[in-house]
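All remarks here apply to the structure that follows.
Readers should treat all values here as calculations from the given coordinates under stated rules, not as data from a laboratory. It should be emphasised that the depicted structure is a prediction, and the values quoted were computed from it without experimental measurement. Cβ atoms come from the backbone with ideal geometry, glycine included; neighbour counts cover every protein chain shown.
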Amino acid sequence: MEHEHTIKQYGIELKEIREQLLEMGGKVELMISDAMKSLVERDTALAEATIAYDHQINRMEVEIDDKCLQVLARRQPAARDLRFITLALKIVTDLERIGDQCRNICKHTLHLNKEPALKPYIDLPRMAVAAATMVREALDAFVRADADLALKVCSDDTFVDQLNSQIQRELLTYMMADPSTTTRAIRVNAVAKCLERVADHATNVAEMVIFMVKGKDIRHTA
Amino acid sequence: MTPQPAATPPELKAQARELNFHYGAFHALKNISLPVYNEKITALIGPSGCGKSTFLRCFNRMHDLYPGNRYGGEIRLFPDDVNLLSQEVDPIEVRMRVSMVFQKPNPFPKSIFENAAYGLRVRGMNKKAELEEKVETALVNAALWNEVKDRLSEPAFNLSGGQQQRLCIARALAIEPELVLFDEPTSALDPIATASIEELMLELKEKVSILIVTHNMQQAARVSDYTAFLYLGEVIEYDDTKRIFTNPEKKQTEDYITGRFG
């Protein structure tokens, strides 16, 4: 059974940080799907709205950082609480970077939408769904302190990496067949790279969750 | 890759082995086995009444002063591997090797000099030059010399609380003990005096081994190399301080250090 903190306010502060991180995670997940939707459906207005939305993510990063610093300064957290706070400080950075990657996708989308479609997008939406699922599962693992789910997220990264390589190869054939597609192909490739980075950030979060749960650092061990 | 040389384990200064202690009918310490490493600081933490001060006091036979107390098991002191609790061992001899600093500064109603020289006089040292030399060394080691060198004949009570506590530490150090016991040495001091005592402990551990009881968990985290968590007379967990405060093994330990106890 989980005991409560003797100082109730301390428990409330940790709970608030946890909830805000989840809220931030939900927002970046929405950004990933909106960014992809704006590309696939050639919806320029949605791309612009998503770029603007990134400010909310940045603001949340600042707020959560501030709350973590307050807890560090005032509560001197130890053990599980210490691991949670240091983890929160890092997760928030990864989430903010995911937001940046979505904004980058939308910037490419604005350019791509001005030109004829290069090809129907098949693998990119699959990649986006996989990356968004990884983000959601990494945060679920964080909330439930579920190391097994976090491990699954780490291994799912391979699938996203494979899709990225596949997209690169395919785009190469387009560029070789018709060099006039090069500019667009490079942009589409950049979008794939953004999604690949999103999945990497989700993997970072998952690795940190394993650390929080087991107290064992598995980073850079593969 | 060249294999890392195996880390040499620290040398033992003392070792409690299946130590039991009774205050009359009350079983205060239950089968405690715990190492105290040489030139390291070992901290004892735990809620009030868990037995940490009782355990500390076994090390210099303080409990002998009251009738009805019983020891079981042993505390070996190294390098000579003698059992401190043995009836054949004179408690006065034990206290010459294992000295103690208490919670509240308790200087004797004597001069600063005589406080620091007290243990030496008990030991029979009378030569003025020798006493002066030992007292100076003790006061230097207790980081008090510069503040008192011109007023050694003043009453010890003229000193501030933090200075009085450092005088008590000097008194404990003058007899050149091998192990110094600190029983909540800073709980009656302000943060600055506390910091200077903590700094002093870190310097002292180059010469002596230290066992400290503290209610201030951050203090244990700051100064100690090893930490034992005691509860209801038992050692729940003992490990490197680093591990205890970042990732303890036992849930009870975690609940205590994260403030979830009770």
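At-a-glance table
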{"quantity": "Anchor B:Lys207: lysines whose Cα lies under 21 Å away (excluding residues fewer than 8 positions away in-chain)", "calculated": "B:Lys13, B:Lys40, B:Lys134"}
{"quantity": "Those aspartates and glutamates that a straight Cα-Cα span of less than 17 Å connects to A:Lys216, excepting residues fewer than 8 apart in one chain", "calculated": "A:Asp81, A:Asp146, A:Asp148, A:Glu207, B:Asp239, B:Asp240, B:Glu249, B:Glu254"}
{"quantity": "Two-decimal Rg/Rh across region A:113-153, once Rg and the Kirkwood Rh are taken from alpha-carbon atoms", "calculated": "1.28"}
{"quantity": "Shielding by partners - mean other protein chain Cβ count within 10 Å, residues of B:251-261", "calculated": "6"}
{"quantity": "Rg/Rh (Cα only; Kirkwood hydrodynamic radius) as it applies to region B:12-257", "calculated": "0.97"}
{"quantity": "Mean shadow area of region B:1-124 over all directions, Cα convex hull, nm²", "calculated": "11.9 nm²"}
{"quantity": "Cβ-defined net charge surrounding B:Arg61, 12 Å radius [Lys, Arg +1; Asp, Glu -1]", "calculated": "0"}
{"quantity": "Ranked packing of B:251-259, B:117-125, A:94-102, most packed first, by mean Cβ within 10 Å", "calculated": "A:94-102, B:251-259, B:117-125"}
{"quantity": "20 Å reach of a label modelled at B:His22, 7 Å along Cα-to-Cβ, counting backbone N of region B:52-87", "calculated": "B:52, B:54-59, B:61-75, B:85-87"}
{"quantity": "Choice from A:Met134, A:Met60, A:Met175 showing the highest fluctuation, given a GNM over chain A with Cα pairs closer than 10 Å", "calculated": "A:Met175"}
{"quantity": "Computed helical MRE - 222 nm, the protein assembly as shown, DSSP H runs ≥ 4 contributing -39500 (n - 2.57), nearest 500", "calculated": "-19000 deg cm²/dmol"}
{"quantity": "Neighbouring partner chain Cβ atoms per residue of A:81-93, average, 10 Å criterion", "calculated": "1"}
{"quantity": "Value of Rg/Rh across region A:92-175 [Cα atoms, Kirkwood radius]", "calculated": "1.05"}
{"quantity": "Overall dimensions of chain A by Cα: Rg and Dmax, Å", "calculated": "19.3, 69"}
{"quantity": "Sequence-distant aspartates and glutamates (8 or more away, or on other chains) whose Cα lies within less than 12 Å of A:Lys119", "calculated": "A:Glu170"}
{"quantity": "For q = 0.09, 0.11, 0.12, 0.13 Å⁻¹, Debye-computed log10 I/I(0) when each Cα of the protein assembly as shown counts as one equal scatterer", "calculated": "-0.75, -0.92, -1.02, -1.13"}
{"quantity": "Antiparallel %, DSSP beta bridges [both residues in the protein assembly as shown], to 5", "calculated": "60 percent"}
{"quantity": "Within-10-Å neighbourhood charge of A:Asp200 [Cβ basis; K, R +1; D, E -1]", "calculated": "-2"}
{"quantity": "Inter-centroid distance (Cα atoms) of region B:19-65 relative to region A:64-123, Å", "calculated": "50 Å"}
{"quantity": "Local net charge near B:Pro191, Cβ-Cβ under 13 Å (Lys/Arg +1, Asp/Glu -1)", "calculated": "-2"}
{"quantity": "Sorted peptide list for A:69-81, B:206-218, A:24-36, criterion being average Cβ within 10 angstrom, highest first", "calculated": "A:24-36, B:206-218, A:69-81"}
